[in-house]
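See structure below.
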Amino acid sequence: MIYQVMVNDLLWEDDLWKKFCKYAKKHCKGLMFPEKGIVEINDTAPKELSYEKNIIVKNILSEFLDKKMPLKPYVPREDSNASLPIETDVLADTYLFLSLKLAILQADAHCASALDQYFLDIILNYHKEYWHFYDFDEEVSSLLQISGIPYREIPINQICELICTTIDADQYITVHLDEYYIPRKESYMNMHLVRENLIYGYDDEKRMFQIFGFGKREQTEAFEIDYDDLLLSFEKGRMFYFAGAGYLKLDGCYPVTFIDKPSNEPFDLTEDYFLTKIRNFVCPKEPRKTTYDIQIYGSDVYEWMLEELEGKTDRETIDYRTFHLLHEHKKNIYRCMKKLKESGTYIDETILEEYKEVVRGFQMLRILYMKEAGMTERLIRTKKVYKLGEGREKICRMFQQLSEKELAVLKKLLDK
């Protein structure tokens, strides 16, 4: 069986490609090079071991580049510094790609108010090839102007300068980094994991970038990273992005993105708007089903989840992020309830307190799921879907009770 490994994430000059082919052949006799940027392995191993085959080739490439194109410390043209505003206490951090955008938007009053129209409903998008299935009803990306570039358009050793010039132009920038080389990350010197990070500032004198992303204990936070550490983690991420960021091989997914925050009209959360969103969640529209995918809306998602939790289907869509998303959905409904009440809208205090208990309940359910599934911080970074053992019945019972309680409270709110 011939298996191809793509190594076209950097610009190959003819002479450099020839040297790499010669170097690689010495280290692994089973390699072939049909054309520039492609390495073939003649192997009888099954396709499922493609991850290991990528590691073989990319390790050789990484060692080759270390010798032939060693990284050079970034030397700024002049000592400077700049920092753009962010908000670290984001409305939702279930998905990293979403929390990075929220950090930008919530730092602006008009943009922050626009977010009140989202996170009040949920949707299930199911296709067997997807890597996550449960989403908020949000269009956060529409509030930003986002563009990206692929690895091959970024010369080796140039990422630090690109970041600084981008921030100087009042643009935010996200960069995929291998967390193995970042001291603030949970994966530091422990495992290779490539993930996205928001960079919003730099300081040439300190030689530090300001970053927002996952830090210790897998919590989103702001921290600093040394110029040299960022350069190394970016260039190694270029080699090993399949470890955590395999989606970068898809069209429209980029290792580096530039984000502009256009002026947005402020959004006034009204009682009518809020109740309409709650009604859509409590009494959702019919599911949309095609040959290849399924979309299920609002509280109908609960039935789908319960069926999976009870082991009545072979589907695998539920993981720790699912219960985290549910908890954040409840938190945002409660937040908007309080906001409306504070602005003069009548919301019965009993309903507010009852829904506060719902929020607490879903937080306890999230923690219980992680405990019963044997979750650890390392497993969070390496595996998504988990099978429940003896705790299945307890999880199902608690989930069903909480979902019924929530719908009862929201129906009282709608009937007032």
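The values are calculated or read from the model by the stated rules, or taken from the named source; none is laboratory data. Every value quoted in this text rests on a predicted model; they were computed, and no experiment measured them. When we count neighbours, we look across all protein chains shown, and the Cβ atoms used for this are built from the backbone with ideal geometry, even at glycine. Ligands, DNA and RNA are excluded from the accessible area calculation, which covers all protein heavy atoms including side chains. Shrake-Rupley method; radii C 1.70, N 1.55, O 1.52, S 1.80 Å.
What the table shows:
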{"read-out": "Where a residue in the range 81-102 is at pLDDT 95 or above and its partner, wherever it lies, is assigned to a strand (DSSP E or B) and of a type in the set (A, V, I, L, M), with Cβ under 6 Å and at least six apart", "value": "88/222; 100/198"}
{"read-out": "Failed condition for residue 115, given (1) open to solvent by less than 40 Å² (accessible area, probe 1.4 Å); (2) under 18 Å from the mean Cα position of the chain (by Cα); (3) in contact (Cβ under 8 Å) with a residue 24 or more places away in the chain", "value": "(2)"}
{"read-out": "Scan of the range 149-177 for residues that are within 20 Å of residue 99 (Cβ to Cβ) and part of a strand (DSSP E or B), ordered by number", "value": "172, 173, 174, 175, 176, 177"}
{"read-out": "Every pair of residues 6+ apart whose Cβ atoms lie under 6 Å, when the first sits in the range 1-12 and is open to solvent by less than 20 Å² (accessible area, probe 1.4 Å) while the second is in a loop (DSSP other than H, G, I, E, B)", "value": "7/37"}
{"read-out": "Top-ranked residue in the range 319-337 [being among the aliphatic types (A, V, I, L, M) and over 16 Å from the mean Cα position of the chain (by Cα); ranked as nearest to residue 129 (Cα to Cα)]", "value": "326"}
{"read-out": "Candidates 104, 146, 86, 123 - the one that is of a type in the set (Val, Ile, Thr), assigned to a helix (DSSP H, G or I) and within 26 Å of residue 252 (Cα to Cα)", "value": "104"}
{"read-out": "Counted residues, the range 57-80 - those being among the acidic types (Asp, Glu), in a loop (DSSP other than H, G, I, E, B) and without any contact (Cβ under 8 Å) to a residue 60 or more places away in the chain", "value": "0"}
{"read-out": "Any pair with Cβ under 6 angstrom, 6 or more apart, that starts in the range 183-206 at a residue that is under 19 Å from residue 172 (Cα atoms) and assigned to a loop (DSSP other than H, G, I, E, B) and ends at one that is open to solvent by 20 Å² or more (accessible area, probe 1.4 Å) and among the hydroxyl-bearing types (Ser, Thr, Tyr)", "value": "204/80"}
{"read-out": "Check on residue 205, of a type in the set (Asp, Glu) and touching a helix residue (DSSP H, G or I) at 6+ places or on another chain (Cβ under 8 Å)", "value": "no"}
{"read-out": "Selection status of residue 278, open to solvent by less than 10 Å² (accessible area, probe 1.4 Å) and either in contact with an Asp or Glu (Cβ under 8 Å, 6 or more places away or on another chain) or over 24 Å from residue 369 (Cβ atoms) (or both)", "value": "yes"}
{"read-out": "Selected residue [closer than 30 Å to residue 153 by Cα and under 26 Å from the mean Cα position of the chain (by Cα)] from 281, 240", "value": "240"}
{"read-out": "Residue in the range 231-241 that is in a loop (DSSP other than H, G, I, E, B) and within 17 Å of residue 178 (Cα to Cα) present", "value": "yes"}
{"read-out": "The range 244-261: number of residues that are in contact with a helix residue (DSSP H, G or I) (Cβ under 8 Å, 6 or more places away or on another chain) and part of a loop (DSSP other than H, G, I, E, B)", "value": "6"}
{"read-out": "Residue that is touching a strand residue (DSSP E or B) at 6+ places or on another chain (Cβ under 7 Å), surrounded by 13 or more Cβ atoms within 10 Å (Cβ to Cβ), over 24 Å from residue 231 (Cα atoms) and among the basic types (Lys, Arg), where the choices are 18, 53", "value": "53"}
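For every residue, the table says whether it meets (1) in contact (Cβ under 8 Å) with a residue 60 or more places away in the chain; (2) hydroxyl-bearing (Ser, Thr, Tyr).
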{"site": "286", "(1), (2)": "no, no"}
{"site": "289", "(1), (2)": "no, no"}
{"site": "297", "(1), (2)": "yes, yes"}
{"site": "302", "(1), (2)": "yes, yes"}
{"site": "320", "(1), (2)": "yes, yes"}
{"site": "328", "(1), (2)": "yes, no"}
{"site": "334", "(1), (2)": "no, yes"}
{"site": "349", "(1), (2)": "no, no"}
